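One structure is given below, encoded as structure tokens.
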Amino acid sequence: MDNHNSDQDQPLRRTQHEALRSRPGSNRSGLWKKIILGVAVFFVACFVMAAGLFMYYAKGAPKITHAQLASDNATVIYDNKGKVLTRLGAQNRDYVNRKDIPKTLKNAIVSIEDRRFYKNNGVDPVRILGAAAANLTGSSLGLQGASTLTQQLVKLAVFSTDAKDRTLKVKAQEAWLAVQVDKKYSKDQILEFYINKVYMGNGVYGMQTASEYYFGKKLDKLNLSELALLAGMPQSPTVYDPTTNPQYATARRNTVLQAMADNKAISASDAKKAQQTDVKSGLSSTHGTLQTDTKKKKIIDPYLKEVVSDLSAKGYNPNKGVLKVYTNLDYAAQKKLYDLGNNNVEIQFPDDKFQVGASMVDNDNGKVVAMLGGRQTGDVTFGLNRAVQTDRSSGSTAKPIMDYGPALQYLNWPTNRKVKDISFTYPGSESPKDPNGVKLYDFDKRFKGTMTMRDALIQSRNVPAIRTLQDVGMSDATQFLKGLGISQEKPYDLANGIGLYISTLQEAAAYAAFANGGTFYKPYYINKVVQQDGKESNYKPQGNRAMSASTAFMMTSMLKGVTTDPQGSGTAANIPGLNMATKTGTVAYPSDIAKQYPSDAASDSWMSGYTKHYSMSVWTGYDHANTATGYLTQQQTELAQLVWKYMMSYMAQFTSNDDWTMPASVEKKGSNDYQLIGKSYKTTGNSDLDPKNNSGSASKSVGNYSSSDSSRTNTNGTNGTTTSTSRFGTTNSPTSAFNR
């Protein structure tokens, strides 16, 4: 009976059990188990993948040495021979040993940067998880926030500090190296490396140097407020600079003091007392004693200024980035040029206010070899670089590149092409005040009639040059200039044919195209930059064909006579036996100003020219030419020629004295002239007009002829752009002044 009942109960029990299993609560329990299991598997898989990725990245981590950890992070500038020129920064770093570092400073740094510094092994998992979460949510500070002090040290020693380089790969390698550093060095050693390496603003590296710069004393003499300020500055040294941003510096210092109190490094009362101290209290006005080679820095100052500007233009931060910058500067040439402007007894400058700007480039590649930004400049650094200023008229050094060069290139003129030196009035210059228009004169106020283009250029006659420009046409002249890296916003006019507003650097680069057979290279200072992580970037401009080889050769043949012909305008620069080609430029005062000065007074004097190897342009004058003593006498206009002569004589010692070879497209005509083979020259009749028609039927109006002063505009001469204003009038303003 019992067994029977028991057998009958079996189906019922199974049914009840199945019913229990089918209840909703039971299903949910099973589902959650599956979810938990799936999540666990997912996280394990992610961990395994992350660990694998970490090991993959870590395997490729660069090595880190004691020298890297102990060195400063200054950008180092090298010359063209790979020798150190200078380290960017206000002072050489004053390294402080860990035994001389105040304990208060160590506590301040640890409190604000890495509270678990003494407990972690170089990385902090808690911070890493928090930073990873921040990174996943899109915070730009996510990866950075994970850094321990040791990781920050590794970053400063090996990796780039730019935000764009905060990648997972870099962070993984940072962490790996931080663990290795933590194993090898004590915590005090790591702090010593960090304190001596961090950038503290104003070109200062290391907190000992910063202490001397900002407070005029060493670290062990600073009080709590001052130490807390230094401890907080590395996060953003420019923003927290107490000399320029005391409000932000105060806030940051107070944050550090509060962190120290929270970390039990100081008492709350000490923190409050220090927070009430004026952050500007105790700041030094002298910024310590400079320890750099002052004389050497003065010698390279104008070149260095352009290098720093060029680095910024290329996207580098020369103050924050640990860069090795290899330049094209020939230091021996730079020193010689500096000495010519400042210490040379052979060149008698009238006074210390007399200025010189000069640039030298390598003809075959555009490398800027040397540069003089001024003379007798005192202790000014990164001041006005007159080598790249573009607000002074180039005078007749414009003639080869705007008048005669285009005539050779586009009109196929031979070097003995006949031109007219006769009375000339700028077309369209008539006005109620001057119904006869503005006349153009030469330096001797005379006209020579018919002459060859060669003689007109050698003697620097103005009228033949402007008539030649009329024949060429402004469109072709502008195109020719553009091929030489020269342009301006406003259209050029006839007056520019005897004066362009360009820099010595632009002109040296333009003349170099004549020297090398017709190829223009944009002048450049930097040939290589090596970043802290070893990434190397090389810079070399591509040459562009600016003119034919025949144009370059025939122009050179004419310019040779500027120094050797008895009637040449540059005989003071002659270097017997040296193959060279040159052009002078002398700028006189406009007629409405000239009455204030002697009849032969000039505002500017230029000398530009080249050998087979180097091209150099020199400007001389006064910064303020409209003053009673700001003019050049006729004798002083030759000083530009002397600077050019002595500098090129010096450089000739180290190169061969090669002459130029006549291209196959050119044939000699007579004893000293050349012409294109099988080409007839073109003309519109302006250069050899009948004397009765002095302005030419094809002439056009050249705009406003006002000779009133206008504002000075100074631009960087490396970008190939000229200004359109001068202190004597706009570039659209021909005057009766002579340019030679």
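The values are calculated or read from the model by the stated rules, or taken from the named source; none is laboratory data. Not measured: the values here are computed from a predicted model. Neighbour counts are summed over all protein chains in view; Cβ atoms, including those assigned to glycine, are modelled from backbone coordinates with ideal geometry. The protein model used for the area step is the full one, side chains on, heavy atoms only, and it has no ligands, DNA or RNA in it. Shrake-Rupley method; radii C 1.70, N 1.55, O 1.52, S 1.80 Å.
Computed quantities for the displayed model
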| quantity | calculated |
| --- | --- |
| Selected residue [open to solvent by less than 10 Å² (accessible area, probe 1.4 Å), in a loop (DSSP other than H, G, I, E, B) and modelled with pLDDT under 95] from ASP379, ASP391 | ASP391 |
| Filtered residues of region 623-638 (kept if open to solvent by less than 10 Å² (accessible area, probe 1.4 Å) and either outside any loop (DSSP other than H, G, I, E, B) or closer than 24 Å to MET360 by Cβ (or both)) | LEU632 |
| Residue within region 295-311 that is closer than 30 Å to PHE159 by Cα, surrounded by fewer than 18 Cβ atoms within 10 Å (Cβ to Cβ) and small (Gly, Ala, Ser) present | yes |
| Enumeration of residues in region 431-443 that are out of contact with any strand residue (DSSP E or B) (no Cβ under 9 Å at 6 or more places or on another chain) and open to solvent by less than 70 Å² (accessible area, probe 1.4 Å) | SER431, ASP434 |
| Matching option when the condition is at pLDDT 95 or above, in a strand (DSSP E or B) and at negative phi, among LYS583, LYS645, LYS612 | LYS583 |
| The one condition in (1) part of a strand (DSSP E or B); (2) of a type in the set (Gly, Ala, Ser); (3) under 18 Å from LEU408 (Cβ atoms) that SER617 fails to fulfil | (3) |
| Total residues in region 649-675, condition open to solvent by less than 50 Å² (accessible area, probe 1.4 Å), polar (S, T, N, Q) and either in a loop (DSSP other than H, G, I, E, B) or at positive phi (or both) | 1 |
| Some residue of region 204-213 being in contact with an Asp or Glu (Cβ under 7 Å, 6 or more places away or on another chain), buried (at least 24 other Cβ atoms within 10 Å of the Cβ), under 25 Å from ALA70 (Cβ atoms) and of a type in the set (Phe, Trp, Tyr) | yes |
| Filter result (closer than 26 Å to GLN376 by Cβ, of a type in the set (A, V, I, L, M, F, W, C) and not in a helix (DSSP H, G or I)) within region 296-337 | LEU329 |
| Region 300-345, residues that are among the small types (Gly, Ala, Ser) and either under 14 Å from GLY373 (Cβ atoms) or in contact with a helix residue (DSSP H, G or I) (Cβ under 6 Å, 6 or more places away or on another chain) (or both) | SER309, GLY341 |
| Subset tally (residues that are without any contact (Cβ under 8 Å) to a residue 40 or more places away in the chain, over 20 Å from TRP644 (Cβ atoms) and either touching an Asp or Glu at 6+ places or on another chain (Cβ under 9 Å) or open to solvent by less than 20 Å² (accessible area, probe 1.4 Å) (or both)) for region 584-622 | 1 |
| Selection from region 487-530 of residues that are at pLDDT 95 or above, of a type in the set (A, V, I, L, M, F, W, C) and farther than 24 Å from PRO427 by Cβ | ILE502, LEU505, ALA508, ALA509, ALA510, ALA512, ALA513, PHE514, ALA515, PHE520, ILE526, VAL529 |
| Given (1) touching a residue at least 24 places away in the same chain (Cβ under 8 Å); (2) closer than 22 Å to GLN634 by Cα; (3) out of contact with any Pro (no Cβ under 8 Å at 6 or more places or on another chain), index of the condition LEU578 fails | (2) |
| Any hit, region 352-375, residues being outside any loop (DSSP other than H, G, I, E, B) and open to solvent by 20 Å² or more (accessible area, probe 1.4 Å) | yes |
| Count of region 235-258 residues which are outside any helix (DSSP H, G or I) and either under 19 Å from LEU105 (Cβ atoms) or touching a Pro at 6+ places or on another chain (Cβ under 7 Å) (or both) | 5 |
| LYS305 among the basic types (Lys, Arg) and touching a strand residue (DSSP E or B) at 6+ places or on another chain (Cβ under 7 Å) | no |
| Tally, over region 634-678, of residues that are farther than 22 Å from GLY577 by Cα and under 33 Å from the mean Cα position of the chain (by Cα) | 2 |
| Within region 493-578, helices (runs of 4 or more DSSP H) holding 2 or more residues that are open to solvent by less than 20 Å² (accessible area, probe 1.4 Å) and closer than 25 Å to MET474 by Cβ | 504-515, 549-559 |
| Residue match in region 74-94 (condition: modelled with pLDDT of 65 or more, part of a helix (DSSP H, G or I) and open to solvent by 50 Å² or more (accessible area, probe 1.4 Å)) | no |
| Scan of region 407-430 for residues that are part of a loop (DSSP other than H, G, I, E, B), open to solvent by less than 10 Å² (accessible area, probe 1.4 Å) and closer than 20 Å to THR478 by Cβ, ordered by number | TRP413, TYR426 |
| Which numbered condition ALA108 misses (of (1) open to solvent by 50 Å² or more (accessible area, probe 1.4 Å); (2) modelled with pLDDT of 80 or more; (3) farther than 26 Å from TYR326 by Cα) | (1) |
| Qualifying residue in region 170-183 (condition: at pLDDT below 90, of a type in the set (Asp, Glu) and farther than 20 Å from LEU227 by Cβ) | yes |
| Pair list, Cβ < 6 Å and 6+ apart or interchain, from region 227-254 residues that are closer than 14 Å to VAL204 by Cα to residues that are among the hydroxyl-bearing types (Ser, Thr, Tyr) | MET233/TYR240; PRO237/TYR199; TYR240/TYR248 |
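Condition check ((1) under 25 Å from ALA602 (Cα atoms); (2) small (Gly, Ala, Ser); (3) modelled with pLDDT of 95 or more; (4) open to solvent by less than 10 Å² (accessible area, probe 1.4 Å)) across all residues:
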site	(1), (2), (3), (4)
PRO400	yes, no, yes, yes
GLY405	no, yes, yes, yes
SER460	yes, yes, yes, yes
GLY473	no, yes, yes, no
LEU481	no, no, yes, yes
